[in-house]
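The values are calculated or read from the model by the stated rules, or taken from the named source; none is laboratory data. Small disclaimer: the values here were computed from a predicted structure and weren't measured. When we count neighbours, we look across all protein chains shown, and the Cβ atoms used for this are built from the backbone with ideal geometry, even at glycine. With ligands, DNA and RNA removed, areas are computed over all heavy atoms of the protein, side chains included. Shrake-Rupley method; radii C 1.70, N 1.55, O 1.52, S 1.80 Å.
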Amino acid sequence: MNSIQSTKICVIGLGYVGLPLARLFSTKYPTVGFDMNQRRVDALMKGHDDTLEVSDELLQDAINNHGFKCTTNLEEIRDCNFYVVAVPTPVDSDNNPDLTPLVGASTTVGKVIGKDDVVVYESTVYPGVTEDECIPIVEKVSGLKMNVDFYGGYSPERINPGDKLHTVEKIKKVTSGSTPEIGKYINEVYSSVITAGTHLAPSIKVAEAAKVIENSQRDINIAFVNELSKIFQRMGIDTLDVLEAAGTKWNFLPFRPGLVGGHCIGVDPYYLAKCAQRYGYHPTIILAGRRMNDGMGEYVANQVVKLMIKKGIQVVDSEILILGFTFKENCPDVRNTKVIDIYKALREYNLNITVYDPWANPVAVEHEYGIKVVNELPSHKFDASISAVAHKEFLNLDIRSLLKEKGVVYDVKGILPRDIIDGRL
């Protein structure tokens with residue numbers, strides 16, 4: 001095992017998780033970022049992060065003053081001895097875990113890992129993936145054996161895209177290692193840069209399980225309030241009023257209804273469910289929560305159409321404005337956004353839909369979802385608007401001025417004044 005003083009870090013995968021972590025590590029250790037996307041690497045080396053997770057100032061400081069470097073060249077990471085894998089772990093069209101990025105990253109590690117080196121996985125997985133799926137690939141490609149020639153670990157990512165308050169160093173980090181000694185070493189490396197502190201888990205599987213239940217818990221709680229929203233809508237009760245009243249109790253959990261997308265909460269429960277099924281257990285609550293949350297986009301679309309009909313608005317060929325497309329506010333991340341579900345459900349009514357989002361990249365959206373998003377607010381009037389994302393640009397927007405006289409205003413995020421809306425979750 002290497003000493004912490006001789007640690008040289010390589011972070012594999014320079015997306016929303018990997019880049020902030022690599023930048024942070026570079027303030028303390030020689031650090032190289034590795035990514036297969038040459039365009040991404042070139043942009044970062046010019047000092048700009050398209051995800052906006054790392055400011056130009058911090059990135060340029062890391063490059064100019066701390067020697068941080070990004071590369072697509074394997075030879076430039078061969079002399080590292082502490083490899084961190086931070087690649088996406090999505091689900092496929094059937095909601096089965098897709099480990100393809102992890103397989104590729106593990107193959108990369110296997111090509112460069114050496115004697116006494118360490119590889120730590122950060123990608124969200126179900127318990128057992130690191131040791132049973134990833135490490136065997138590293139062993140096969142490298143010809144080395146874990147806990148004999150090299151060592152492994154798992155430290156689940158805790159990044160909140162778009163959040164400039166809870167940045168990577170300010171969120172407590174869980175760590176683990178393939179041996180007790182390696183666990184302490186990995187924990188020491190992380191704790192040297194994570195100001196919020198670390199928690200050393202007793203095993204890799206415990207750390208994996210901790211991560212996957214964090215977001216599953218949130219998913220289930222949001223599903224509960226989404227169901228409440230459907231119930232209270234039928235009763236003519238405002239859900240947010242109910243939640244505000246209930247929230248006066250000290251131990252009431254402050255969850256709100258909404259769309260559940262993104263690369264974590266909308267995905268992780270499927271990883272946990274698949275793992276449970278492999279052990280012969282069919283999870284009912286986890287999957288029920290997923291079904292509820294996955295159906296909210298269609299529910300919103302149907303509610304808007306009902307409101308239009310009640311106002312006597314001709315539905316077919318009407319003009320609809322969707323405000324926001326990213327999976328969360330003040331962030332350009334469109335991965336697994338559930339706004340697309342609203343869009344698709346509305347298209348079944350033969351409507352004309354305009355999606356306005358000043359944060360989303362129109363090229364990325366069209367490539368990923370096959371629809372057009374505009375970054376400038378259109379000038380013509382609409383029959384209905386749907387506030388789907390709480391971007392700061394929308395908070396003071398005069399939405400009624402964008403609509404025709406009888407236009408419908410639907411508030412998904414609960415950000416609009418009550419006197420201007422026709423409906424909300």
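Worth pointing out:
- Multiplying the residue separation of residue 38 and residue 352 by 0.36 nm and removing their Cα-Cα distance gives an extension gain of 109.3 nm.
- Of the whole protein surface, residue 270 contributes about 30 Å² of accessible area at a 1.4 Å probe radius.
- Charge dipole of the chain about the Cα centre (unit charges at C-beta), most positive-ward option of 14, 250, 277: 250
- Length-normalised contact order of the chain in % [C-alpha pairs under 8 Å, at least 6 apart]: 11 percent
- For the range 44-202, the square roots of the Cα gyration tensor eigenvalues, ordered a ≥ b ≥ c, give a/c below 1.5, which places it in the rounded category.
- Convex hull volume of the range 217-301 per residue (C-alpha atoms, cubic angstrom): 104 Å³
- Cysteine residues of the chain whose C-beta has no other cysteine C-beta under 4.7 angstrom: 70, 134, 264, 275, 331.
- Shape metrics for the range 351-413, restricted to C-alpha atoms - Rg then Dmax, Å: 12.1, 36
- These residues, 347, 39, 291, go from largest to smallest accessible area, 1.4 Å probe, as 39, 291, 347.
- Distance histogram in 10 Å bins (all Cα pairs of the range 1-130, percent per bin): 13, 44, 33, 10, 1
- Within the range 70-152, antiparallel bridges make up roughly 10 percent of the DSSP beta bridges whose residues both belong there.
- Label zone at residue 191, where the point sits 7 Å out along the Cα-to-Cβ direction: the range 91-130 residues whose backbone N lies under 13 Å: none
- With both residues required to sit in the chain, DSSP beta bridges show an antiparallel share near 5%.
- Look at where the Cα atoms of the range 397-416 and of the range 238-304 average out, and the two centres are 26 Å apart.
- For residue 423, the residues whose modelled amide H falls within less than 5 Å of its own, excluding neighbours fewer than 5 places apart on the same chain, are 409, 411.
- Most fluctuating residue given options 192, 176, 385, as computed from a GNM of the chain linking Cα atoms under 10 Å: 192
- P(r) tail fraction, the range 252-337 - alpha-carbon pairs more than 23 Å apart, %: 43 percent
- If the segment from residue 60 to residue 248 were pulled out straight at 0.36 nm per residue, it would be longer than the present Cα-Cα gap by 63.1 nm.
- Helix 268-278 axis versus longest C-alpha principal axis of the chain: approximately 70°, rounded to the nearest ten.
- Using only side-chain charges placed at the Cβ, +1 for Lys and Arg and -1 for Asp and Glu, the dipole size of the range 160-298 relative to its Cα centre rounds to 240 debye.
- Highest-first packing order for the peptide set 8-16, 207-215 is 8-16, 207-215, based on the mean count of other beta carbon atoms within 10 Å.
- Across the range 195-205, coupling constants 3J(HN,Hα) worked out from phi with the 6.51/-1.76/1.60 Karplus curve, θ = phi - 60°, read 5, 6, x, 9, 10, 7, 6, x, 7, 5, 5 Hz, and Gly and Pro carry x.
- For the range 107-191, with +1 on Lys and Arg beta carbons and -1 on Asp and Glu, the positive-most of 126, 180, 168 along the dipole: 168
- Peptides 97-104, 25-32, ordered by how many other C-beta atoms sit within 10 Å of their residues on average, highest first, read 25-32, 97-104.
- The range 105-146 pair-distance distribution - Cα-Cα, 10 Å bins, rounded %: 31, 57, 12
- Positive-end residue of 240, 200, 315, charge dipole of the range 172-325 with Cβ unit charges: 200
- Working from label points 7 Å from Cα in the Cα-to-Cβ sense, the residue 100 to residue 234 distance is 4.1 nm.
- The dipole here belongs to the chain: it is taken about the Cα centre, uses +1 on the Cβ of Lys and Arg and -1 on the Cβ of Asp and Glu, and is about 760 debye.
- Where only alpha carbons of the range 268-425 are counted, the Rg and the Dmax (Å): 17.0, 58
- Counting only DSSP beta bridges whose two residues both lie in the range 74-215, roughly 15 percent are antiparallel.
- Reference-scaled alpha-carbon Rg (2.2 N^0.38 Å with N residues) for the range 309-356: 1.30
- Cα-projected label distance for residue 284 with residue 344, points at 7 Å along beta-carbon direction, nm: 2.8 nm
- Approximate spin-label separation residue 372-residue 298, in nm, with each point projected 7 Å along Cα-to-Cβ: 2.8 nm
- P(r), alpha carbons of the range 142-261 - 5 Å bins starting at zero, rounded %: 2, 10, 14, 14, 14, 12, 10, 8, 6, 4, 3, 2, 1, 0
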